[in-house]
1. Mind checking the angle between helix 15-29 and the chain's longest principal axis? C-alpha axes, 0 to 90 degrees, to the nearest 10.
2. With the other protein chains left in place, how much accessible area per residue, in square angstrom, belongs to the chain at a 1.4 angstrom probe?
3. I'd like the FRET efficiency for residue 47 and residue 7, computed as 1/(1 + (r/R0)^6) with the beta carbon distance as r and R0 of 25 Å, rounded to 0.05.
4. Please report the Cα spread of the chain along all three principal axes, rounded to whole Å, starting with the longest.
5. Given the -39500 (n - 2.57) contribution per DSSP H run of 4+ residues, what per-residue ellipticity at 222 nm results for the chain, rounded to the nearest 500 deg cm²/dmol?
6. What's the carbon and sulfur percent of the chain's accessible surface, probe 1.4 angstrom, rounded to a whole number?
Amino acid sequence: MKKNNLKVFFIATEQSGDNLGSELMKQFNSNSYYNFEYYGIGGDLMINEGLNITNHLSEFKSIGFIELIKNLK
């Protein structure tokens, strides 16, 4: 059976988001119907699960949606 490709974008700008995101990615990876490609902002745990980072969470000093938008380059 051919697997479908699915791209997922994550935004995790603090450690708790990296923890949760990496657990979610583990669950996604256990799905046998999709090949997941992960992109976005995250930390080392998410990188270990296959995240292709656009920014590392260490680049963000504040939390909140407005602060996130202000800090994007």
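The values are calculated or read from the model by the stated rules, or taken from the named source; none is laboratory data. Since the model is a prediction, treat every value here as computed from it, not as a measurement. Heads up, the Cβs are rebuilt from the backbone with ideal geometry, glycines too, and the neighbour counts pull from every protein chain shown. Each accessible area value is taken on the protein alone, full model and side chains, heavy atoms only, with ligands, DNA and RNA left out. Shrake-Rupley method; radii C 1.70, N 1.55, O 1.52, S 1.80 Å.
1. Long axis of 15-29 versus the principal axis of the chain: about 10 degrees.
2. Value for the chain: 69 Å² per residue.
3. That pair, residue 47 with residue 7, gives E of 0.90.
4. Principal-axis extents of the chain (Cα, largest first): 44, 20, 16 Å.
5. Mean residue ellipticity, 222 nm, calculated: -10500 deg cm²/dmol.
6. Numbers: 2750 of 5050 Å².
Here carbon and sulfur together make up 54 percent of the probe-accessible area.
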